[in-house]
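Structure first, commentary second.
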Amino acid sequence: MTTWFHRSAGRTGQPTLPEGEDGGTTVTGAPVVGNWPLGIGLVALTLVVVVLDHRTGDDLRLTPLLVVVPALASVFCRIGQTVGVAAWTAAVVCATKIASDSSYSSMVLGVGFTLLACSLGVAACAARLGHAAKMARLRSAAVALQCQILRPLPVLTDHVLAHGLYEPIEEDRFVGGDVYEVVESPYGTRVVIGDVQGKGIAAIGTGFAALGAFREAAYREPTLTGVVEAMEAAVVRHNGFAAQTGDAERFVTALVLSLDGGDRVEVLNCGHLYPRILDGGTARRVPLGDASVPLGLGELVAEPRAAERFDLPPGATLLLCTDGVTEARDENGAFYPFDARLERWAGLEPDEVLEALRADLRSFTGGVRRDDVAALALRPAPAADRNGDRTPTFTPAAGSGPPAHPERIPLPSRQRPAGAAHPVPVRLGTPLVHPRTGLPRP
């Protein structure tokens, strides 16, 4: 039997494309100008032009200049509004032309030119909306691909409870390559969060190359450096393929961690943002050494990458994020005060920290973002929970957790490989749940 877990679109779910009035998306189909302001403005402009035309007389005819109005409307209005503007303009200009004392041939040419100009305005509007709807579908397809490949959170392993915040951006030139993953392996729980250089669909491909390598190596490699070396090789190979097709080569900043149930966390930083620890009502940056070069640039340095260890107290929250958080700006161009904000939330639960971060980012930026936002909040699983003595207390955030009464499926028997410190977990993709909490297992 299979248990299905659903994600809300506001977190990591697949984005939807509501239909607009013209068959496009809500974004492309919604008019910039409302019907009433458009109608009042059009009538006022017509009256001004007609009055001025009457005052100038035959020396300077201004009414024919109204033919440019449908062209302007095609840039800002939906198709129905543009048709209305074109019909109004054609009626006014043609009536004025017919009522004038001009010759028959001049009248026919004037009326024909007016009808042609109005028709071109409507056609331009239809072409604009069609192109915008196509681009919206392409952008949303890219975002949906990101959301489907990235793991739904929260996830509980034998060593850590992982909550996540992921909000991709759908602007075509801003689509980024933020990735994350949580994998339970024979050597502990491995976690990665990364950010690809640049934007666009190509950045997503590079991110997926690194993510796929991590998923395999995290389960296979006994050391964290081995995991990172596999990711480095994958990014280099992908860059080679990109160069053959004329695409730009890219690097990936990544923070790779390993949690084995002890009080110390192993980490290898490949040019990424330093993690933060929230504990005892305070928030602080993890004191690590200099970061190594990003993935894809390993051949530029002679020294091999080396992992470090730091203490993570029981009950503390480890927060990881991408630069979509730290480089967010307000309307005045000021950067988001990330560390100052964390001090306020140091006493919150991991899921509450991410909810506060999400709401505060939206308020700070006014809803205008220029990059994907990804963050992970990790809390070590209590020792009693790892030993199976009790069920941990956990309340998932609204819309992010499993059903209230998920189907419980017994885990298969697991063998311990030679040299492994922990039991072999269920492999990635197996539709099972944690036997005590009902959360999806890696």
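The values are calculated or read from the model by the stated rules, or taken from the named source; none is laboratory data. Just so it is clear, the structure is predicted and the values come from calculations on it, not from any experiment. Here Cβ is always computed from backbone atoms with ideal geometry, including for glycine, and neighbour counts include all displayed protein chains. What goes into the accessible areas is simple: the full protein's heavy atoms, side chains included, and nothing from ligands, DNA or RNA. Shrake-Rupley method; radii C 1.70, N 1.55, O 1.52, S 1.80 Å.
With protein chains left intact and a 1.4 Å probe, residues in the range 54-105 average 58 Å² of accessible area per residue. Per-atom-type breakdown for the range 205-270 gives carbon and sulfur 51% of the accessible area (1.4 Å probe, protein chains only).
Placing a pseudo-label 7 Å from each Cα along the Cα-to-Cβ vector at Phe76 and Ala334 gives an inter-label distance of 3.2 nm. Taking a point 7 Å out from the Cα of Ala233 in the direction of its Cβ, the residues of the range 279-304 whose backbone N falls within less than 20 Å of it are 293-304. Across His163, His238, His131, the residue with the most accessible area heads the list, and the full order at a 1.4 Å probe is His131, His238, His163.
Solvent-accessible surface (1.4 Å probe) assigned to Leu129 amounts to roughly 20 Å².
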